[in-house]
Structures are given as C-alpha cells and as structure tokens.
Amino acid sequence: MGYPVQKTDEQWALELEPQEFAVLRRAGTERAWTGELLDEKRDGVYRCRACRNELFRSDTKFDSHCGWPSFFSPLAGDRVELVEDRSHGMVRTEVRCAGCGSHLGHVFDDAPQTPTGDRFCMNSVSLAFEPSAEADARA
C-alpha cells in the first residue's frame, strides 16, 4: 500500500529512538507491563509516534489486563490498516498506521465487555499521547 508519509529506513532510524524503530518499523513488541501509556487515564488522543496520525481517543481505551494499552475501536476505520500476520506460528491480525505503515500492535476479538468486542492491543512505544485541553488544564 502506498502511504501518505513515506520515508526510507535510514530516515526513520534518524527520527526514531532505537526501541521505537524496532517496534514501529520492524514489527517488534515491547515487554508487557512496561509501556509508559499503559496506565494513562487522561482525556486525549493517541497518535502514531512516527507520523502523528490520529489513531485512538481516550474514551475507547480500557483495561484489558494484558500488559499493553488496549482500545475497543480506532478513531475511524481509515486511520489503521489491518493485515494478516502469520509470524511466530500463529495467525493474527496486525494493526498498522494508515498514515505511514508503522506497526502498532494487533487486534483480537476477545473483549466481549466492550461495545465492539475487539481489543486493539497496542505498543506504548508506537503511540504518542496528546492530552485534551481540559485534561491539560486539570493536570
């Protein structure tokens, strides 16, 4: 797929921290329970750390007890790209940023407690959190 934001691996490597590059551009996974956004509770928007595409709103975030930030729906269907992932001897659905193709995490249909039944399990390092003006004023 052609993405609106396209850069070479060398350009991404200069812009991203090593762990960000490993996850976003090499489809790595951060260790569970270590992400800085796991316990983020403020109102706001979650963006792609690489290209700043708006991906999720805080009102779709929920505690799935899986060790990674989880959302039941992206901001809009065209904000993410879903791709079959057959790595590690499994069949999963990878979630990529539709703005730049960066790896964000995976989506699973194992969250019956949510309105959609989906759990978008994202790496904190793949996201940038932007608090709402109201949340910023309260902080």
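Just so you know, all these numbers are worked out from the coordinates, no wet-lab data involved. These numbers come from a predicted model, not from an experiment. For neighbour counting, all protein chains shown are included, and Cβ atoms are generated from backbone atoms with ideal geometry for every residue, glycine included.
Points to keep in mind about this one:
- Cβ-derived FRET efficiency at R0 25 Å, GLU130 paired with LEU14, nearest 0.05: 0.60
- Amide H contacts under 5 Å for GLY44, placed H, 5+ residues apart: SER58, ASP59, SER132
- For peptides 11-19, 106-114, sequence by mean Cβ density within 10 Å, most packed first: 106-114, 11-19
- The magnitude of the dipole of the chain, with charges of +1 and -1 set on the Cβ of Lys/Arg and Asp/Glu and taken from the Cα centre, is near 100 debye.
- Sorted on the mean count of surrounding Cβ atoms within 10 Å across their residues, most packed first, peptides 50-61, 86-97 read 50-61, 86-97.
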